[in-house]
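Asker: Handing you this structure, nothing more for now.
Read the figures in this text as sums done on the coordinates, not as results from a lab. What you see is a predicted model, and the numbers here were worked out from it, not measured in a lab. Positions of Cβ are generated from backbone atoms using ideal geometry, with glycine treated the same way; all protein chains shown enter the neighbour counts.
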Amino acid sequence: MIFTLTDNERYQKALAFAADKHQGQLRKGGEPYIIHPIAVAGIIQAQGYGEDYIITALFHDLLEDTNATEAEILSYGGPAVLNAVKLLTKKDGYIMEEYVSGIRQNPIAFAVKGADRLHNLRSALYTEESFKRHYVLETLEWYMDFHREIPQAVIALAESMESPVVIPYQSVI
């Protein structure tokens with residue numbers, strides 16, 4: 001007899017793995033890093049996406065920021081999750097156009113990147129001015145259509161700056 005994990009059991013194992021791998025890491029605001037992947041997974045879940053999307057959200061920074069291996073991600077998430085996580089991982093010397101293009105071609109990676117960018121925009125309200133400016137400009141150039149709430153989040157971040165970035169009207173409609 002073959003036993004398979006329920007979605008909840010699979011999620012719990014994935015969450016424990018991600019929490020272990022991010023152990024000791026902190027966000028810019030000082031909170032434990034795992035708060036970010038959990039928040040991204042929450043955005044994905046609220047949009048009605050399934051388990052592969054949610055687990056990809058939990059794992060989206062593992063290859064880039066921890067010692068997690070592709071084999072581990074495959075064992076916890078499966079091939080669809082691994083493929084999406086690999087697309088979401090910025091490698092040394094990456095070219096932004098190629099990075100974004102690869103993400104756009106994978107529905108899981110696209111949804112997770114949108115949720116990731118949205119959470120980061122909301123969290124960036126409490127960062128340094130130079131980081132805010134970079135993040136607004138990068139979002140305007142590459143990510144405005146990744147999630148329906150990104151335009152409003154970009155406006156909020158830009159308005160929080162001492163010297164706000166001028167956002168072209170067509171970027172937010």
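Asker: What nm distance separates the two modelled labels at S101 and L26, each placed 7 Å from Cα along Cα→Cβ?
Answerer: Output for this residue pair reads 4.0 nm.
Asker: Let me ask you something else. Within the chain, what's the longest stretch lacking trypsin sites (Lys or Arg not before Pro) that sit in DSSP loops with no more than 16 other Cβ atoms inside 10 Å?
Answerer: Values: sites that count: R27, K28, K90, K91, R148.
Formally, the longest exposed-site-free interval is 29-89.
Asker: Considering the chain as a Gaussian network with a 10 Å cut-off on Cα pairs, which listed residue, T89, T56, T127, attains the greatest mean-square fluctuation?
Answerer: T127
Asker: Filter the GluC sites (Glu not before Pro) in the range 71-148 to those in DSSP coil with at most 10 other Cβ atoms within 10 Å of their Cβ, and list the result.
Answerer: Details: sites: E72, E97, E98, E128, E129, E138, E141; in loops: E128.
The qualifying sites are E128.
Asker: What's the Kirkwood radius of the range 111-159 in Å, using all Cα pairs?
Answerer: Values: mean 1/r = 0.0965 Å⁻¹.
Evaluated over the range 111-159, this radius sits at 10.4 Å.
Asker: How many percent of Cα pairs in the range 80-144 exceed 15 Å? Walk me through the intermediate numbers first.
Answerer: On the way: 1135 of 2080 pairs.
It works out to 55 percent of all Cα pairs.
Asker: On alpha carbon coordinates alone, what is the Rg over Rh value for the chain, Rh being the Kirkwood radius?
Answerer: On the way: Rg = 16.5 Å, Rh = 16.8 Å.
Dividing the radius of gyration by the Kirkwood radius yields 0.98.
Asker: Let me make sure I get this right: for the range 5-106, a, b and c are the square roots of the gyration tensor eigenvalues over alpha carbons, sorted descending. Under 1.5 in a/c it's rounded, otherwise prolate if a/b > b/c, else oblate. Which is it? Spell out each step's value before the answer.
Answerer: Values: a/c = 1.42, a/b = 1.13, b/c = 1.25.
Judged from the Cα gyration tensor, the range 5-106 comes out rounded (a/c under 1.5).
Asker: Once the piece of chain linking S160 and L125 is laid out straight, how much longer is it, given 0.36 nm per residue of separation minus the C-alpha distance between them?
Answerer: Details: separation 35, 0.36 × 35 = 12.60 nm, distance 0.67 nm.
Fully extending the segment from S160 to L125 adds 11.9 nm.
Asker: Another question, then. For the pair I35 and Y94, how long in nm is the line joining their label points, each one 7 Å along Cα→Cβ?
Answerer: 2.4 nm
Asker: Let me ask something else about it. Running a GNM on the chain with Cα contacts under 10 Å, which residue among S101, S163, S75 ends up with the highest mean-square fluctuation?
Answerer: Among S101, S163, S75, the largest mean-square fluctuation in the Gaussian network model of the chain belongs to S163.
Asker: On alpha carbon coordinates alone, what is the Rg over Rh value for the range 54-113, Rh being the Kirkwood radius? Numbers along the way, then the final one.
Answerer: Numbers: Rg = 10.7 Å, Rh = 11.4 Å.
Here Rg/Rh amounts to 0.94.
Asker: Please identify, among G114, G93, G102, the residue showing maximal mean-square fluctuation in a Gaussian network model of the chain using a 10 angstrom Cα cutoff.
Answerer: G93
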